[in-house]
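Accompanying notes for the structure given below.
Read-outs throughout are calculated quantities, based only on the coordinates presented, and are distinct from any laboratory measurement. What you see is a predicted model, and the numbers here were worked out from it, not measured in a lab. Here the Cβ is made from the backbone with ideal geometry for all residues, glycine too, and neighbour counts use every protein chain on show.
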Amino acid sequence: MVDLDSLQVIRNSVEEFASELEPYAQLIDRENRVPDDILARVAEMGYFALRVPEEYGGPGLSLLESVVVVEELARVSSAVAIMATVSGSMVPYPLVHYASEDLKREYLGRLAEGKIGAFALTEPCCGSDAAALMTRATLEGGEYVVDGEKVFITNAPYADFFIVAARTGRPEDRHRGISLLVVDKGPCVEVSKLEMMGYRGSGTSLVRFNECRVPKENMIGEPNTGFKKVMMTLNEGRITTSATGLGIMQAAFDDALEYARQRESMGKPLVEHQMVQYMLAEMKVLLETSRLLVYTAAEKLDEGAEDLPLYSSMAKLHTAKAGVDLVRMAMQILGGTGYSKDSRVERLYRDIKMIEIGDGTNEVQRMVIVKSLLGKIRVQ
Ligand SMILES: Cc1cc2nc3c(=O)[nH]c(=O)nc-3n(C[C@H](O)[C@H](O)[C@H](O)COP(=O)(O)OP(=O)(O)OC[C@H]3O[C@@H](n4cnc5c(N)ncnc54)[C@H](O)[C@@H]3O)c2cc1C
């Protein structure tokens with residue numbers, strides 16, 4: 001059972017920063033960019049290194065604690081929150097669990113200093129079918145030459161380095177021919193920022209690696225063992241991405257409740273009309289069931305539970321669907337005001353849809369859930 005009281009301390013610690021961030025949230029969305037001074041503050045708070053262990057200079061938060069931080073950030077800006085999940089959780093995961101001590105010292109150390117990391121898996125050819133990826137890493141002397149194109153990569157314009165999934169085996173080897181490498185941002189890395197519908201400002205980009213040469217020691221673990229590492233990383237990523245959904249849902253719920261209290265129609269506040277009450281009650285249930293499932297999944301990861309993939313995917317699927325429903329109802333309660341570009345709910349409505357797509361679509365989560373039930377997925 002999740003101890004909600006102990007998490008309140010962490011929640012309170014983020015609140016002050018969240019109120020500092022709030023005035024910039026609409027600007028970040030409109031300009032599709034996080035201002036440099038805000039980036040510097042996020043780094044100073046340690047949010048780009050959430051899961052970096054203390055021995056490497058990071059805050060060393062548990063996943064459950066990180067979820068609460070991300071949730072609170074997303075209540076204000078989902079862009080900043082998703083940046084923190086990628087750099088602070090998905091990037092550290094393979095380094096902490098599978099990298100050599102030298103790689104850990106170097107790259108976890110950089111995150112702890114406030115540098116930003118990105119996780120590059122998806123390609124124009126293939127997202128759900130990650131085992132088909134085409135970016136190549138070819139061993140030449142003491143170096144790997146990384147060449148290929150990645151798409152929808154969060155953090156890319158701000159990143160200091162990338163964790164890259166690349167093919168080191170034959171295409172027909174599919175998941176058995178994939179490795180994970182660390183590639184520094186440099187002249188060989190071309191980043192083209194995309195105009196996305198939501199999470200604007202998080203730097204979602206097309207990234208081209210033009211024959212980037214990296215020392216062979218930059219490989220994380222053994223060659224051709226990267227796919228399982230990616231899948232394990234996604235177990236964590238799905239939980240932290242869901243946490244951004246929780247923050248979005250909370251913000252939409254707060255706005256709808258506030259509006260329903262103040263706005264009058266037919267002689268009484270909206271909140272006294274039964275059909276509006278119905279929506280508010282549904283929204284609260286969607287929010288709290290999502291929160292419990294996400295927290296439970298985070299605890300499963302922290303405890304190293306065998307059924308982690310099941311819970312991670314259930315949390316992601318439920319939060320995605322519940323989130324889209326909740327924010328749609330919030331906009332309904334706000335009426336035309338909600339549909340205006342000046343309303344926060346308009347941004348939340350665009351943002352929440354991403355949870356049904358990023359880190360594996362709803363359909364992929366259903367596949368993982370069923371494979372888990374059939375005992376075809378093991379935690380390693
Ligand atoms: C804002 C944003 C940020 C992102 N950040 C990152 C990032 O930092 N790093 C990264 O690597 N990726 C990132 N992604 C990419 C994301 O993970 C992919 O978009 C996602 O995995 C889906 O892949 P796809 O877009 O190629 O869709 P596709 O795989 O082409 O799927 C298209 C549709 O077909 C369905 N489908 C596919 N295969 C099947 C099947 N076998 N059975 C049933 N239905 C199927 C899918 O569910 C979906 O509905 C991000 C995406 C977004 C939108």
- Peptides 261-270, 115-124, 281-290: what's the order by average Cβ count within 10 Å, highest mean first? 115-124, 281-290, 261-270
- Which residue, chosen from ILE239, PHE253, MET266, occupies the Cα position most advanced towards the positive end of the dipole of the range 228-270, where the dipole is computed from +1 (Lys, Arg) and -1 (Asp, Glu) charges on Cβ about the Cα centre? ILE239
- Cα Rg over Rh - the range 272-380, Kirkwood: 1.08
- Message: Can you tell me which of THR244, THR204, THR225 moves the most in a GNM of the chain? Springs connect C-alpha atoms under 10 Å apart.
- Response: THR225
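Work through the residues other than ALA81 whose Cβ is under 11 Å from its Cβ and net out their charges, Lys, Arg +1 and Asp, Glu -1.
Values: positive: ARG75; negative: GLU71, GLU72, ASP351.
Every neighbour counted, the sum reads -2.
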- Rounded to whole Hz, the Karplus (6.51, -1.76, 1.60) HN-Hα couplings of the range 222-233, x for glycine and proline: 7, x, 6, 10, x, 5, 5, 5, 4, 4, 5, 4
- Item | Local net charge near GLY198, Cβ-Cβ under 10 Å (Lys/Arg +1, Asp/Glu -1) | +2
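Two decimals, Cα atoms only, Kirkwood Rh: what is Rg/Rh over the range 1-103?
Values: Rg = 14.2 Å, Rh = 14.3 Å.
My calculation puts Rg/Rh at 0.99.
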- Query: ³J(HN,Hα) across the range 201-215 via Karplus (A = 6.51, B = -1.76, C = 1.60, θ = phi - 60°), whole Hz, x for Gly/Pro?
  - Reply: x, 7, x, 3, 9, 8, 10, 10, 9, 9, 6, 6, 9, 10, x
- Name the most mobile residue of GLN274, GLN332, GLN365, meaning the one with the largest mean-square fluctuation, in a Gaussian network model of the chain with Cα contacts below 10 Å. GLN274
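Taking square-rooted eigenvalues a ≥ b ≥ c of the alpha carbon gyration tensor, is the range 78-133 rounded, prolate or oblate, where a/c under 1.5 means rounded and, failing that, a/b exceeding b/c means prolate?
Working: a/c = 2.84, a/b = 1.39, b/c = 2.05.
Taking the square roots of the gyration eigenvalues as a ≥ b ≥ c, the range 78-133 is oblate.
Which pairs in the list LYS104/LYS150; LYS229/LYS300; LYS228/LYS376 are over 20 Å apart, alpha-carbon to alpha-carbon? Kindly include the intermediate steps, with their values, before the conclusion.
Working: LYS104/LYS150 24 Å; LYS229/LYS300 18 Å; LYS228/LYS376 13 Å.
Cα-Cα > 20 Å for LYS104/LYS150; rest within.
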- Query: In whole angstrom, how far apart do the alpha carbon centroids of the range 78-137 and the range 172-231 sit?
  - Reply: 8 Å
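At a 10 angstrom cut-off on C-beta neighbours, averaged per residue, how do the peptides 197-203, 42-48, 168-174 rank from highest to lowest?
Details: 197-203: 23.7, 42-48: 21.3, 168-174: 13.6.
Answer by packing, highest mean first, reads 197-203, 42-48, 168-174.
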- Note on the structure: By the C-alpha gyration tensor axes a ≥ b ≥ c (rounded if a/c is under 1.5, else prolate when a/b exceeds b/c, else oblate), the shape of the range 195-273 is prolate
- Shape box of the chain [Cα atoms, principal axes, largest first, Å]: 79, 48, 39
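Listed highest first by mean packing, meaning other Cβ atoms within 10 Å per residue, what order do 68-81, 23-36 come in?
Working: 68-81: 28.1, 23-36: 16.5.
Ranking the peptides 68-81, 23-36 by packing returns 68-81, 23-36.
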- Note on the structure: Computed ³J(HN,Hα) along the range 168-179: with the Karplus parameters 6.51/-1.76/1.60, θ = phi - 60°, integer Hz and x for glycine or proline, the list is 10, x, 7, x, 6, 6, 6, 5, 7, x, 10, 10
- Dipole magnitude of the chain about its Cα centre (Cβ charges: Lys, Arg +1; Asp, Glu -1), debye to nearest 20: 1100 debye
- Helix-derived mean residue ellipticity, 222 nm - over the chain, DSSP H n ≥ 4, -39500 (n - 2.57), to 500: -16000 deg cm²/dmol
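Taking a ≥ b ≥ c as the square roots of the eigenvalues of the Cα gyration tensor of the range 71-182, is the shape rounded (a/c under 1.5), prolate (a/b larger than b/c) or oblate? Don't skip to the answer; put the middle values down first.
Working: a/c = 2.24, a/b = 1.40, b/c = 1.60.
Cα axes put the range 71-182 in the oblate bin.
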